[in-house]
Amino acid sequence: MDYRQSPNLSLRTKVSSDRLEVSLEEDDLGEPQNDEIVVRVEASPVNPSDLGLIFGAADPRRAIVKEAGGRRRLVIPLDERQAGAMAARRDLSLCPGLEGAGTVVDASKRHEALIGRTVAIFGGGMYSRFRRISVDDCLLYPEGTAPASCASSFVNPLTVLGFLETMRDEGHKALVHTAAASNLGQMLVKVCLADGIDLISIVRSPEQARLLEAIGAKHVLNSKDEGFRGRLKDLVRETGATLGFDAIGGGPLACDILTAMERAFTPKTFSMYGSVVNKQVYVYGMLDSKTIEIRRTVGAAWGVGGWLMMNRMAALGSARVDKLKQRVVREIDTSFRSNFNATIGLEDMVDPELVIKMIGLETGAKYLLDPSLNGPRP
Ligand SMILES: NC(=O)c1ccc[n+]([C@@H]2O[C@H](COP(=O)([O-])OP(=O)(O)OC[C@H]3O[C@@H](n4cnc5c(N)ncnc54)[C@H](OP(=O)(O)O)[C@@H]3O)[C@@H](O)[C@H]2O)c1
């Protein structure tokens, strides 16, 4: 399909005073300027953060399907609290899709050599048949690379590598990780193995534990097992882990990790202040939106903070980030390989049944979107 001959189709999410609408809209892409190329998007992961942008505070289980002009759209009624929570984006028509990959189909004069090449993109707005974008937001892959294999080149890989940069910069030597059977958690296992870093992976089912052990994870704990807290303390002592990355957020797990660290490093000589070892948990996801519970079992030297890949990359600076990106390109089929449940088309994003499956965020149930597919998935 030539992008000049038909309007560009993209997914849109828009909040008004009493509803959120998810629809497919047409727009005109325009010609590539200066540093720009035009990419036919062939693969873009549906990351948890993309679902966050699409649905925000709305409840997709209340979606009503409407049809107009042969196109389906989802309309989700909002109560006052939900509408208030999304006031900052009211009336903005947003195109989701943080990252993806595809083939360069057009370019400004100075980048014509890129036509036909596969690039991965980190620039938002990827749930679109075509994307016009600056080359600075792209990673060039070797000729013949399939877009599906490099669609997740940024969000999870740079987060994993960012964790390790934070670990080194802040003087820690080993890590604790939660919701650890996620795509990201599996990447972290592989990278830690390759780099000789001790990692304690916390999951919530025996199947997830087996999945991680099958890829070589050395220390896996199931938070639902009896004796979990004691075993966590023992492993923290054995590995020296004083830094945790928690994707769950809500509930007691962040505190359980800090408490295990406090108990593992309690000084032999009594001190009423407990351990002087600095213990830190960064909450980097919101898989559970409940309150983060911190009990006073964590001693005196502890911290809990937020962690966002984009902020961390900005702090590292472009030279360090470029090195991380080149590692991603080298290891995209090994350490940074993502697993997808199915490939879907743009029209599937307005299928209420599929949307309910997607927001479940279950292990192994992640979807890859291919906007170049015509019609719903076969
Ligand atoms: N801060 C950042 O910069 C940043 C960057 C990238 C990713 N992230 C976050 O990283 C996390 C993983 O992303 P991904 O793409 O790798 O996800 P994914 O492959 O879709 O996996 C999601 C995992 O979360 C688990 N999970 C879901 N709800 C849970 C809950 N309430 N308690 C415990 N576990 C739960 C699932 O396990 P079950 O099968 O047991 O449900 C599954 O293993 C997400 O939270 C994402 O937002 C943050």
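Quick note: the coordinates plus some simple rules give every number you see, no bench work behind them. Note that the coordinates shown come from a computational prediction; the quantities given were computed from them, not determined experimentally. Note that each Cβ is placed from the backbone with ideal geometry, even for glycine, and that neighbours are counted across all protein chains shown.
Under the definition of Cα pairs under 8 Å and six or more residues apart, what whole-number percent is the relative contact order of the chain?
17 percent
Any chance you could get the radius of gyration and Dmax over the Cα atoms of the chain, in Å?
In Å, with Rg to one decimal and Dmax whole: 22.2, 77.
Please report how far the C-alpha centroid of segment 247-309 lies from that of segment 342-359, rounded to the nearest whole angstrom.
37 Å
For the chain, modelled as a GNM with alpha-carbon contacts under 10 angstrom, which of L211, L235, L20 fluctuates the most?
In the Gaussian network model the winner is L211.
Listed here are the pairs K66/K366; K224/K290; K224/K366; K109/K190; K218/K279; which of them are more than 30 Å apart at the Cα?
As for pairs spanning more than 30 Å Cα to Cα, those are K109/K190.
In the Gaussian network model of the chain, springs joining C-alpha atoms below 10 Å, which of D195, D59, D35 carries the largest mean-square fluctuation?
Most flexible of the set in this elastic network: D195.
Please build a GNM for the chain, connecting alpha carbons under 10 Å apart, and tell me which residue among G30, G69, G285 fluctuates the most.
G69
Using only alpha-carbon positions, what ratio does the radius of gyration of segment 99-192 give when scaled by 2.2 N^0.38 Å?
1.31
Taking the Cα centre as origin and putting +1 on Lys and Arg beta-carbons and -1 on Asp and Glu beta-carbons, what dipole magnitude results for the chain, to the nearest 20 debye?
That gives the chain a dipole magnitude of about 1000 debye.
Could you grab the Rg to Rh ratio for segment 155-313? Cα atoms only, Kirkwood for Rh.
0.94
Sort 367-374, 167-174, 118-125 by packing, meaning the average of other beta carbons within 10 Å per residue, with the highest value first.
118-125, 367-374, 167-174
Compute the angle between helix 318-330 and the longest alpha-carbon principal axis of the chain, please, reported from 0 to 90 degrees and rounded to the nearest 10.
It is inclined by approximately 80 degrees.
For the chain, take the longest principal axis of its alpha carbons; what is the angle in degrees between that and the long axis of helix 155-169, to the nearest 10 within 0 to 90?
30 degrees
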